[in-house]
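Trainee: Here's a structure for you.
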Amino acid sequence: MTFDLVTVGGGITGLSAALRMQSEAPGQTQLVLESSDRCGGVLDTIYRDGYLIERAADMFTTKLPWAKQLCEETGYDDLITVNPEHRRAFLIRNGKLTPVPEGFSLLKPVKLGKMLFAPLLSVAGKCRLLYERFVPARMDESDESLASFAQRRLGREVYERLVQPLIGGIYTADPTKLSMLATLPQFPAMERQYGSLIRAAMKDSDESEKLASGARYDHFVTPRQGFRHFIDHLVSKLPAGTIRTGAKVAAIAREDNAGDDGEANWRIELEGGEAIHARRLLLTTPAHATAELVRPLDGELADELAGIPYAGSTVIVVGCRRDQFRHPLDGFGIVAPLVEKRRILAISFSSMKFAGRAPDGEVLLRVFVGGAVQPEFNALGDDELKQIACEEMQDLLGMSGEPIWTEIVRWGNHMPQYHVGHVDRVERIKSLSDRHANFAIAGAAYKGVGIPFCIRSGRAVVDRLLT
Ligand SMILES: Cc1cc2nc3c(=O)[nH]c(=O)nc-3n(C[C@H](O)[C@H](O)[C@H](O)COP(=O)(O)OP(=O)(O)OC[C@H]3O[C@@H](n4cnc5c(N)ncnc54)[C@H](O)[C@@H]3O)c2cc1C
């Protein structure tokens, strides 16, 4: 049998593509091939001892439409928003916790008054921030790193104390390499339009107010019963037999009889030797895996794909009694600036952020280490990681005793890094892959790592393949 579409990879991108195919071309046949024993890719949940533990992502934004649309279209409404209380996070300064100043949103100082009274910055740092209005605008539209942009406009201290931990943390990235055009293009655009970020914030003061306060958390939701529940729901919306798990694709090739006459165009070979035939082929695997699959077909495309670097990160998840902490845990977590030279990137107070994550009287925390900036931590053994997490929690949060339990979740090579030049690389990948008829590539590596972007990516390529 020849399928009208075969999708390789059953992560959120692949599932979104399959659901789109189902709704847009219900008469056509399709198959999703997933190498592991379950769909969802990095999206997965552990349920243990009354705790709900997200292994990777723990929320998505509804400010971008695509995830919300997918929920609406598939009838999934079991979503909760972040807790209304304690909508703030902490930064570390000289080893002590201090709240992220309310007046700052990503790269925009929107409430200067609050910034100037915040204990986070020195007088010199505050003066340099005020001077941002007079820094000449860079009108050149070429790419620049986050570190370069933020230091140039806001000064070194704001970069080191605020921008690096808050934004570098989202992407687990090295900010000296992270591309502004690929991740935060609105800020260079603001610089060109208004000449200054402070002036841009003043022009749009209502929106800026919201973004710089606890209200910005209104946009974040999570499946009440965990991402595994959400993924199972999506899978249940596809006809039985659409997904094959435990099916690792080992090779792809064009069929000799390629043509537009309904004959198979693609031969997909599974590990073990079984061959599957498809008219159209969609790869939603991580870019490094996609590179290996396409290499025999197109070395140039494979090189471009392999040029997208990936970083790993490790999450040490702990369940503890609430009374083990001297700190009230009255926030959603802590981010650690690199200048503080800590051994962690961040700690998320997961059970403070979302209801129903821990039993009464207990708390769930996720400690992040590694990323692109501290890769050596990903290689440590479980005992060493557990010890680091405990020592950091003792020092920062006044934790006493041992956690009730600990889970270590390792994400080696799972975080695509959007380095300077990424946008151009993705353009090249698009034009190289367009040379192959009935073929497309999608996923987190290209135009956005967040869940909504992955969903958009999966849906958009199916629309393209169908036309
Ligand atoms: C630790 C962590 C925290 C995150 N937090 C957030 C967050 O809070 N909010 C947010 O919006 N985003 C977050 N993200 C990002 C987001 O979760 C991911 O970008 C997104 O889920 C990736 O989906 P994907 O389908 O593109 O890729 P993946 O989930 O990687 O799926 C790819 C699939 O392809 C399969 N595969 C690979 N090779 C083969 C093969 N040869 N044959 C068959 N199948 C194959 C894999 O098994 C996998 O299932 C986080 C990511 C990580 C790692």
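Trainee: Quick one: helix 382-397 against the long Cα principal axis of the chain, what's the angle to the nearest 10°, folded into 0 to 90?
Mentor: 40
Trainee: Further question: If contacts are Cα pairs under 8 angstrom and at least 6 residues apart, what is the relative contact order of the chain in percent?
Mentor: Relative contact order here is 24 percent.
Trainee: Let me ask another. Any chance you could run the full-extension gain for GLU402 through MET139? It's 0.36 nm times the residue separation minus the Cα-Cα distance, nm to one decimal.
Mentor: Here the answer is 89.3 nm.
Trainee: Let me ask you something else. Can you tell me how much longer the chain between ASP360 and GLU274 gets when fully stretched, taken as 0.36 nm per residue apart minus their C-alpha distance, in nm with one decimal?
Mentor: 25.9 nm
Trainee: Only counting other Cβ atoms within 10 Å, I'd like ARG48, ARG20 sorted with the fewest neighbours first.
Mentor: Ordered from fewest to most neighbouring Cβ atoms within 10 Å, ARG48, ARG20 come out as ARG48, ARG20.
Trainee: Let me know the number of lysine pairs in region 103-208 closer than 22 Å at the Cα, not counting same-chain pairs under 8 apart.
Mentor: Lysine pair count for region 103-208: 8.
Trainee: Within 10 Å, at most 13 other Cβ atoms, and a DSSP state outside H, G, I, E, B define an exposed site. Report the longest part of the chain free of exposed GluC sites (Glu not before Pro).
Mentor: Excluding the exposed sites themselves, the longest stretch runs over 275-467.
Trainee: Additional query: For labels at ASP78 and HIS288 in the simple 7 Å Cα→Cβ model, what's the distance in nm?
Mentor: In this crude label model, ASP78 to HIS288 measures out at 3.4 nm.
Trainee: Next up: Whole Å is fine, so just give me how far the alpha carbon centre of region 75-107 lies from that of region 38-65.
Mentor: Region 75-107 and region 38-65 have Cα centres spaced 18 Å from each other.
Trainee: Check each of the trypsin sites (Lys or Arg not before Pro) in region 304-333 and keep only those in coil by DSSP with at most 15 other C-beta atoms within 10 angstrom; list them in order.
Mentor: Passing both the DSSP loop test and the Cβ count: ARG326.
Trainee: Could you let me know the centre-to-centre spacing of region 300-373 and region 443-467, using Cα atoms, in angstrom?
Mentor: 27
Trainee: Chymotrypsin sites (Phe, Trp or Tyr not before Pro), restricted to region 303-371: which are DSSP loop and have at most 11 other Cβ atoms within 10 Å?
Mentor: Qualifying residues, ordered by number: none.
Trainee: Among the aspartates and glutamates, which have Cα under 13 Å from the Cα of LYS96 when same-chain residues fewer than 8 positions away are ignored?
Mentor: GLU340, GLU392, ASP395
Trainee: Enumerate the lysines that LYS430 could reach by cross-link, defined here as Cα to Cα under 19 Å, with residues fewer than 8 away along the same chain left out.
Mentor: List returned: LYS447.
Trainee: If I take R0 = 30 Å and measure r between the Cβ atoms of GLU85 and ASP37 in this structure, what FRET efficiency does the formula 1/(1 + (r/R0)^6) give, to the nearest 0.05?
Mentor: 0.20
Trainee: Same structure again: Do you know the relative contact order of region 103-208, to the nearest whole percent, from alpha carbon pairs under 8 angstrom that are 6+ apart?
Mentor: 35
Trainee: Tell me, what is the percent relative contact order of region 288-374, built from C-alpha pairs under 8 Å that lie six or more residues apart?
Mentor: Relative contact order here is 31 percent.
Trainee: Continuing with the same structure: Between THR245 and GLN193, what length comes free when the chain is fully extended (0.36 nm per residue of separation minus the Cα-Cα distance, one decimal in nm)?
Mentor: This chain segment gains 13.8 nm when fully extended.
Trainee: Taking 35 Å as R0, compute the FRET efficiency from the Cβ-Cβ separation of ASP463 and ARG224 and round it to 0.05.
Mentor: Efficiency, rounded to the nearest 0.05: 0.70.
Trainee: Another one. Under a crude label model (7 Å from the Cα following the beta-carbon direction), how far is ALA306 from ARG428 in nanometres?
Mentor: So the label points at ALA306 and ARG428 sit 1.4 nm apart.
Trainee: I'd like the orientation of helix 65-74 relative to the chain: the angle between its Cα long axis and the longest Cα principal axis, in ° from 0 to 90, rounded to 10.
Mentor: 50
Trainee: Something else about it: Report the FRET efficiency, 1/(1 + (r/R0)^6), for GLN28 and LYS203, where r is their Cβ-Cβ distance and R0 is 51 Å, rounded to 0.05.
Mentor: 0.60
Trainee: While we're here: Sum -39500 (n - 2.57) across every DSSP H segment of at least 4 residues in the chain, then divide by the residue count to get the 222 nm mean residue ellipticity, nearest 500.
Mentor: The per-residue figure over the chain is -9000 deg cm²/dmol.
Trainee: Moving to a separate point now. Give the residue from TYR159, ALA124, GLY443 lying farthest towards the positive end of the charge dipole for the chain; charges sit on Cβ (+1 for Lys and Arg, -1 for Asp and Glu) and the dipole is referred to the Cα centre.
Mentor: With unit charges placed on the Cβ atoms, the residue in question is ALA124.
Trainee: Something else now. Sorted from fewest to most neighbouring beta carbons within 10 Å, what does the list ILE404, ILE451 look like?
Mentor: ILE404, ILE451
Trainee: I want the antiparallel fraction of DSSP beta bridges within the chain, as a percent rounded to 5.
Mentor: Within the chain, antiparallel bridges account for around 75 percent of the total.
Trainee: What spacing in nm lies between the two simple spin-label points modelled at ARG156 and LEU116, each 7 Å away from Cα in the Cβ direction?
Mentor: 2.4
All of the numbers you see were taken from the coordinates with simple rules; none came from a lab. This structure is a prediction, so every number in the text was calculated from the model and none was measured. Don't worry about glycine lacking a Cβ; one is built from the backbone with ideal geometry, like all the others, and counts go over all protein chains shown.
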